[in-house]
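What follows is a single structure, written as structure tokens, with notes after it.
What follows draws every value from the coordinates through simple rules; no lab data is involved. Please read these numbers as outputs of a predicted model, since none were measured by experiment. Note that we place each Cβ from the backbone using ideal geometry, even for glycine, and neighbour counts take in every protein chain shown.
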Amino acid sequence: MKYIIIGAVAGGASTAARIRRLDETAEIIMIEKGDYVSYANCGLPYYIGDVIQDRNKLFIQDAASFKKRFNIEVKVKTEAIEIHPAEKKVSLLDLDTQQTYTESYDKLVLSTGAVPIKPPIPGIHSENVFTLRNVHDTDLVKSVIEHKEVKHATVVGGGFIGIEMMENLTHLGIKTRLIERAPQVLTFLDEDMAQMAKSEMEANGVTVDVNNGLSAIINNADGSKTILLENGTTFKTDLVILSIGVQPNHFLAKAAGLEIGEKGGVLVDEFMQTSNTDIYAVGDVIEFHHPVCKASYPIYLAGPANKQGRICANNIVNGNTKKFKGSVSTTIVKVFGKTIGATGSNSRMLTHHNIKHITSVTHGSSNAGYYPGATQMIIKIAFNPKTGVLLGAQVMGDKGVDKRIDVFSIYVQNKQIVEDLMEFEQAYAPPFSSAKDPVNMAGFVANNIMDKVMPIFNPIDALQIGETEYLLDVRTPKEYEEGTIPNALNIELDELRNQLDQLPKNQTIYIFCQVGLRGYLASRILMQNGFDVKNLSGGYKYWKNTYGLKLETLETAL
């Protein structure tokens, strides 16, 4: 059997190596347009920022080592220019000699990845304007920083690469500005969680423009650039990193007549097989049904790409026996001192797909609160209001985020319910967790909501509560004086039972405390005394750091 794999980074390299482990006699050829194979694409921003100082550590294998260890022929600097499905051949272009030739195959694997989006904006192809998708791009950016005076950089796009580049440029002492055309950065998050991420960036000296796209890049005589934004703002910069987004590199597949999905990815079935039985595809180029939303989406993540490679290799060697169940898009990103993780679907995506859900916000400690070094994390989960099935989770904090989001990922993948979170059994000792882990606490609160023990209202709703409605702050008078939600009255929790006669029974009482616990206790007291109440999910602290900040910004503008 002869296998050709087009693309030799994450998915392609994994596929090739697994094929060899399953079939020692096969002829395997990998085609790679670039100079390098099997490198750590996700590590590129950290090499630019000198967090990773040894460039060689980015490379897992090279063409020579693939040949020596796996007996796989790797053709670098070779571009696949056309697929001939009927003849089962691929036309190739040697980029050094500019000679074309063909290779036959029994099975073909497409791992052509994604390509950066570069809209037709004036000046977008200017000098010192870069995308960051491969080692070549990285070397160019690194060279400019090392050999030219770069005092200011502009990053266009607030996705993963944009955020990582923003942080690493800042670490190098370069004043950085981040531009995002969408209403928020990190669109895999809900708006409130993204607001806190934005605040962390600004606290570290980054200027962040959201709801404001790039309009033009103008070259100046001194080598700098003038950036023009859609709202008319202009400023000077020395370096521009474009991280506007990517799209599946489907051009070969589309020309070969393979079926393409609505989002531009090559459609594959659960066996990673395309609409042509002899052609498979993995990685960023594919489109697959999201297990939560039931709609097809590209999956721009290295973890799923590597797993798909293994599944694909098993199927093309042994027949279609291994199934890909889809990716719940478990992601994590470092934003200066904060770590932010997400899995499943956020509330915005669920709403877009008309999936009924409830969101709940809780706070928890990374480890036992009485043990030194404990820090708080914020957890937001989304779940089905009838079945309790967990649909998504977002976690933000200083530490401990990674292990919690991994736990939530398992529950989302397995379509488990919030009650299962209550019974999650963690490895507990004071340096590592609390006896009731934050995952448990998220389950407890969600269960209370489902059982109607604690009706809630969301932070965004607090802005709509007017003077005629009853908004009750049950924190201490001192906390109340230091800041509260507009129009709120104050009765401390411990005094609540003595002042029941002052509260209205003919309207809903909207309760809040600092993080939600005292509000929950107050709601239990009042509900059992005949009052109609709702408790603020996440408490005043969450409201203050999300929609409270938006309110302050609006008031300042007015």
The range 129-244 - share of DSSP beta bridges that are antiparallel (%, nearest 5): 35
Sorting Thr321, Thr170 on the 10 Å Cβ count, fewest up front, what's the list? Thr321, Thr170
Hey, if you put +1 on the Cβ of every Lys and Arg and -1 on every Asp and Glu Cβ in the range 456-557, which of Val533, Leu517, Leu503 ends up farthest toward the positive end of that dipole? Leu517
Taking Asp209, Asp23 and counting other beta carbon atoms within 10 angstrom, the fewest-first order is Asp23, Asp209
Set of lysines with alpha-carbon distance to Lys534 below 27 Å, sequence-local pairs under 8 removed: Lys356, Lys380, Lys386, Lys436, Lys452, Lys478, Lys505, Lys544, Lys550
Above-threshold pairs, the threshold being 20 Å between Cα atoms, out of Lys198/Lys334; Lys89/Lys263; Lys294/Lys415; Lys325/Lys403: Lys89/Lys263; Lys325/Lys403
According to a simple spin-label model (label point 7 Å from Cα along Cα-to-Cβ), what is the distance in nm between Thr321 and Met1? 1.1
Restricting to Cα pairs below 8 Å that are 6+ residues apart, what does the relative contact order work out to for the range 395-484? Please round to a whole percent. 19
J(HN,Hα) series, the range 195-202, from Karplus relation 6.51 cos²θ - 1.76 cosθ + 1.60, nearest Hz, glycine and proline x: 4, 5, 5, 4, 4, 5, 4, 5
Angle between the Cα long axis of helix 517-527 and the longest principal axis of the chain, 0 to 90 degrees, nearest 10? 50
Exposure proxy check: Val317, Val282 ranked by fewest other beta carbons within 10 Å? Val317, Val282
Could you calculate the contour length gain from Ala255 to Ile460, that is, 0.36 nm times the residue separation minus the distance between their Cα atoms, to one decimal place in nm? 69.1 nm
Quote to one decimal, in nm, the extra length available between Glu127 and Gln528 on full extension: 0.36 nm per residue of separation minus the C-alpha distance between them. 137.5 nm
